[in-house]
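Asker: What follows is a single structure, and I will ask about it in a moment.
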Amino acid sequence: SSQEFEKLPKETCWESFDLYKFQGFWYPGFILSGVLGAQSHFEARSDDVILASFPKTGTTWLKALCSCILQEHDHDHDDQLSLKNPHALVRTLEYDLFKDDVTLPDIDLSTMPSPRLFHTHMAYSHLPDSVLKNPDCKIVYITRNPKDVFVSNWHFSNSDSWRTSPEPYPMEKVFDEVCKGHQFYGPFFDHVLEFWFESLKMPEKILFLKYEEMKRDPKGELKKLAAFLGRPFSNEEQVEKVLWRSSFDRLKNLEVNKNGVVFDMELSNKLFFRRGIVGDWKNYFTDEMKKKLDEISCMKLEGSGLDF
Ligand code: A3P
C-alpha cells in the first residue's frame, strides 16, 4: 500500500504526482506497487523477450518493430498493428499486468503463446529475478538523447487526460525536477547506465539501441534487432515491410491510433505519436537549459563509453 511507501524519500513532480525513491529510482506509488508485484509474481520463460526503456525514448516504435518481427514468421496472423496500438500488443509489466500487486484478470500469462513479448520502464536492477537470472530471456533496451526525451515528456505530461488545468506545466519547473532526477523512473542517466553496462557484460542477453541510430540507419538497426531476436530476415522485402508497418507516418494515421485509447490507462493512443524526429529540443531549449543538461550528461556519462 502507499502507506508503506511513506517511509521512503518523497518528492513531487508535475505538480501533483508524489514520487517515492526506491533503491535509487523515483516511482509514483501505483507504479512502485506494480514493480514489487512483478518482482514477486512474474515468471520469465527462456524465450520471453523483455523490451525496456525510459519513458519517451522510443518505446512505441520498439514495441511495434518487435511485434512485427516476431509475427513476420507467423502466417496465421495478419498485420496486428493495423488494428491495435503497439501498447495493447506489448504490455507493460508494472502498470499493465501487475498493478497493485496482482495480475490483472483480463490476461492469463501462463497460457500466452511463446515467444511472449513484454515491456517495462523499470530500472535494470529492479527487474524480476526470473528475468535477471535466466541467461536466455532476452532484453532489448532503447534510449534517446536526453534533450529530446525531456521535450517529448513535457508534451506528454501536458496531455489533458489527467490534467485539470488547461495551462501547460511551467517548462522551467519541470526542467529543474528532471535535472534532479525527480521524474517517473528517474534519474534518466542512472537508468541508461545500468542497462548500458549490463549490455556490455552480456551482449547476448541485452541489446542496447539508440533512437537516433535507428532514425539514421533504420535497415541496419532493424536487421541487428531481428538477428538478436533469433529471427534474421531472409530478404530486403521483409525488412522494408516491417519498417513501413511500424513507421511513425503509418501508425500515426491509422484509425486505431487517431481515436482509440490505451485500455485501462485512460490515455489516448494519439498521445504516443507527436513528431517522431531527432532534435526537436532545439525548438524549446534556452542556451541555459542546454548548458545545464549537457553538463549533467558529461558528468554522469564520463568514462562510460556512452554518449548522446
Ligand atoms: P516525440 O514526442 O519527440 O515526437 P515513447 O514511445 O517511449 O513514449 O516515446 C514517444 C516518442 O516516440 C514520441 O516522440 C513519438 O512521437 C515517437 N514515436 C512514436 N512512434 C514512433 C515511430 N513509429 N517511429 C518513430 N518515432 C515514434
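The values are calculated or read from the model by the stated rules, or taken from the named source; none is laboratory data. No experiment lies behind these values; they were computed from the predicted model shown. So basically every Cβ, Gly included, is an ideal-geometry build from the backbone, and we count neighbours across all protein chains shown.
Asker: For segment 136-153, how many residues are within 9 Å of the ligand (Cβ to nearest atom) and either in contact with an Asp or Glu (Cβ under 8 Å, 6 or more places away or on another chain) or closer than 18 Å to Trp196 by Cβ (or both)?
Answerer: 6
Asker: Next question. Out of segment 269-291, which residues are charged (D, E, K, R) and within 9 Å of the ligand (Cβ to nearest atom)?
Answerer: Hits for segment 269-291 are Arg274, Arg275, Asp280.
Asker: So Glu198 passes all but one of these: (1) more than 22 Å from Thr12 (Cα to Cα); (2) part of a helix (DSSP H, G or I); (3) without any contact (Cβ under 8 Å) to a residue 24 or more places away in the chain; (4) not polar (S, T, N, Q). Which condition number does it fail?
Answerer: Among (1) more than 22 Å from Thr12 (Cα to Cα); (2) part of a helix (DSSP H, G or I); (3) without any contact (Cβ under 8 Å) to a residue 24 or more places away in the chain; (4) not polar (S, T, N, Q), Glu198 violates only (3).
Asker: Look through Phe184, Phe156 and report the one residue that is closer than 18 Å to Cys13 by Cβ, in a helix (DSSP H, G or I), within 16 Å of the ligand (Cβ to nearest atom) and not small (Gly, Ala, Ser).
Answerer: Unique residue meeting the criteria: Phe156.
Asker: Out of the residues in segment 22-44 that are touching a Pro at 6+ places or on another chain (Cβ under 9 Å) and over 23 Å from Trp196 (Cα atoms), which is nearest to the ligand (Cβ to nearest atom)?
Answerer: It comes out as Phe42.
Asker: Name the single residue that is nearest to the chain's Cα centre (by Cα) among those in segment 67-101 being at pLDDT below 85 and part of a helix (DSSP H, G or I).
Answerer: If we take residues in segment 67-101 being at pLDDT below 85 and part of a helix (DSSP H, G or I), then Lys99 is nearest to the chain's Cα centre (by Cα).
Asker: Hey, among the residues in segment 199-249 that are within 14 Å of the ligand (Cβ to nearest atom), hydroxyl-bearing (Ser, Thr, Tyr) and under 30 Å from Ser304 (Cβ atoms), which one's surrounded by the fewest Cβ atoms within 10 Å (Cβ to Cβ)?
Answerer: Ser246
Asker: Inspect all residues belonging to segment 284-291 and state whether any of them is part of a loop (DSSP other than H, G, I, E, B), modelled with pLDDT of 95 or more and either loosely packed, with under 15 Cβ neighbours inside 10 Å or on the phi > 0 side of the Ramachandran plot (or both).
Answerer: yes
Asker: Here's another thing I want to ask about it. For Arg231, which of the numbered conditions (1) within 21 Å of Phe118 (Cβ to Cβ); (2) charged (D, E, K, R); (3) not in a loop (DSSP other than H, G, I, E, B) fails to hold?
Answerer: Every condition holds for Arg231 apart from (3).
Asker: Do we find that Glu172 is over 22 Å from Glu94 (Cα atoms), among the acidic types (Asp, Glu), surrounded by fewer than 20 Cβ atoms within 10 Å (Cβ to Cβ) and within 15 Å of the ligand (Cβ to nearest atom) in this structure?
Answerer: no
Asker: Restricting the search to segment 49-64, which residues are outside any loop (DSSP other than H, G, I, E, B) and within 8 Å of the ligand (Cβ to nearest atom)?
Answerer: Ser53, Thr59, Thr60, Trp61, Leu62, Lys63, Ala64
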